[in-house]
1. Which pairs do you get when a residue that is without any contact (Cβ under 8 Å) to a residue 12 or more places away in the chain, found in region B:32-45, comes within reach of a residue that is assigned to a helix (DSSP H, G or I), reach meaning Cβ atoms under 6 angstrom, with the pair 6+ apart or on two chains?
2. Identify the single condition in (1) closer than 23 Å to A:Pro80 by Cα; (2) more than 8 Å from chain B (Cβ to nearest Cβ); (3) part of a helix (DSSP H, G or I) that A:Ser136 does not satisfy, given that it satisfies every other one.
3. Select from region A:86-105 the residues that are surrounded by fewer than 20 Cβ atoms within 10 Å (Cβ to Cβ) and in a loop (DSSP other than H, G, I, E, B) and list them in ascending order.
4. Among the helices (runs of 4 or more DSSP H) confined wholly to region A:1-85, which include 2 or more residues that are among the hydroxyl-bearing types (Ser, Thr, Tyr)?
5. How many residues, within region A:1-42, are surrounded by 12 or more Cβ atoms within 10 Å (Cβ to Cβ), within 21 Å of the chain's Cα centre (by Cα) and among the small types (Gly, Ala, Ser)?
6. Please go through region A:18-36 and give me each residue that is within 10 Å of chain B (Cβ to nearest Cβ) and over 15 Å from A:Thr56 (Cα atoms), ordered by number.
7. Within region B:83-95, which residues are within 19 Å of B:Val131 (Cα to Cα) and within 8 Å of another protein chain (Cβ to nearest Cβ)?
8. So which residues in region A:154-180 are facing chain B (nearest Cβ under 8 Å), of a type outside the set (Val, Ile, Thr) and closer than 16 Å to B:Arg41 by Cα?
Amino acid sequence: MRASSFDLGISRILLYGFCFLYYFSYDFAAWAHVPAEFWRPIALFHQLHWSLGSETLLVAFSVIWKAALALCAVGLATRPATLTAAALGTYLLGLEHNFGKVHHFTAALVIVFWILALSRCGDRCSVDSWIRTARSRNRPRNVLNYLWPVWAVRVQLSLVMLAAGLAKLRHGGMEWITSDNLAECWRHMDDTRLRTCHRWLRIWRFGSLASLLFAA
Amino acid sequence: MAEWFSFVSRLAPDRQSRIIAIRKAAPVALVLGAVFLITIRDIVLDQDHHWPISSYPMYSGKSKPPTLLFGVVGGQEVRITSVSPFDHSRLISALSHNMRPGERHAVLKWVLARQPSKVRAIHLRNIDGAVTHGIVR
C-alpha cells in the first residue's frame with residue numbers, strides 16, 4: 001500500500017538504467033551472420049511470422065531500442081519510449097532463442113517491459129514530470145495508477161520463482177536437492193565464476209536446497 | 001479484507017468514479033490476467049514453448065555430460081566453448097539438433113571458419129566420447 005508514483009519512478013530508473021548499461025555493448029546484429037540452418041523459430045516468432053532481419057535492420061532496431069532504454073531511464077517521452085522498448089525488446093531479446101536453445105533470464109524482463117509500458121511510470125522522477133511541473137500541468141492521479149504495476153511485477157516474479165521451484169521438484173524430486181546435480185550442471189558451463197561455485201557446491205551438498213528455499 | 005474495501009472506497013468514493021476507474025483498468029487487467037493465466041497453465045501442464053511466458057524448467061533435469069565440440073590444433077584436441085554470438089550451451093544445443101547431413105556440414109563449416117587458422121578440424125563428441133560429426137579445413 002505504500003507504493004507511490006515516486007517508488008514507481010525509481011523502479012523505472014533502476015530497471016531501464018540497468019538494462020541500458022547491460023545491453024549497451026551487446027551486438028544483436030551478429031545474429032544476422034549465423035547460417036539459416038541454425039534457425040528454429042520459437043512459437044512467438046512463428047505465429048507472428050517474424051524472421052531474422054538483415055544486419056542493417058538489426059543495427060537500426062538495436063540503436064533505437066538502446067536509445068529508448070536511455071529515454072525511459074531519464075523519463076523523457078516516457079510513454080512512447082516505454083512502448084518502443086517493450087516492442088523492440090520483445091523482438092531483440094527473443095531473437096537469440098530461435099537459435100537452438102531457449103534461455104529464461106530475459107522472459108520475465110520482457111513481460112515487465114510491457115507492464116511498465118502500460119503504466120504511468122513516467123509521472124515522477126522524470127524529465128517529463130519536470131516539464132509538466134514547469135508548465136503547471138501536473139494533475140493529481142489516482143494512486144491505483146502507481147500501485148497496479150508494482151503488484152503486477154510482484155505477481156510475475158512470484159510466478160517465476162514458483163514455477164522454477166515446482167519444476168525442480170517435479171523433474172528431480174528429493175534427489176535433485178540431496179545430490180550434486182546442480183553442481184554438475186554448473187560444471188559443464190563455460191563460465192569461470194560458475195565453475196568456482198561448482199567446487200563450493202560440492203563441499204556444501206545442500207546448495208540445491210538453498211536455491212529451492214530461495215524460490216519458495 | 002475490510003481494510004482492502006475501505007482502501008478501494010477511499011480511492012473511488014462514489015459509484016461514478018468507480019465505474020470510470022474500472023473501465024480504464026479493464027483492458028490492462030484483461031491483458032495481464034491472460035498472461036498470468038497462461039503462465040499458471042504452463043506451470044500446471046509443465047509446458048515451456050510460449051516464450052516469454054514459461055514454466056521455467058531450467059536446471060530441473062538430472063544433469064548429464066553434454067555433447068562437446070573440439071578443435072584439432074597440431075594433432076591435439078582443444079575444447080571449443082563458444083562461437084560468437086552463441087554461448088556454450090546454445091552452441092552445443094544448436095549443433096545437437098536433428099539436421100540433414102548437408103545442413104550439419106554447413107553449420108560445422110561456419111563454426112570452423114570462425115576459428116583461428118591453426119585449428120585444422122573440428123568435431124563433435126557424444127556422451128560416450130565417440131566422434132559423431134566432424135569437418136576438416
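Read-outs throughout are calculated quantities, based only on the coordinates presented, and are distinct from any laboratory measurement. The model shown is predicted, which means the values in this text are computed figures rather than measured ones. Counting neighbours? That spans all protein chains shown, and the Cβs are built from the backbone with ideal geometry, glycine included.
1. Filtered contacts from region B:32-45: B:Leu32/A:Ala152.
2. (3)
3. The answer is A:Lys101, A:His103, A:His104, A:Phe105.
4. A:5-23, A:55-74
5. Going through region A:1-42 one residue at a time, the tally reaches 5.
6. Those that are within 10 Å of chain B (Cβ to nearest Cβ) and over 15 Å from A:Thr56 (Cα atoms): A:Tyr26, A:Pro35, A:Ala36.
7. B:His88, B:Ser89, B:Leu91, B:Ser93, B:Ala94, B:Leu95
8. A:Gln156, A:Leu159, A:Leu162, A:Ala163, A:Ala164, A:Leu166, A:Ala167, A:Arg170
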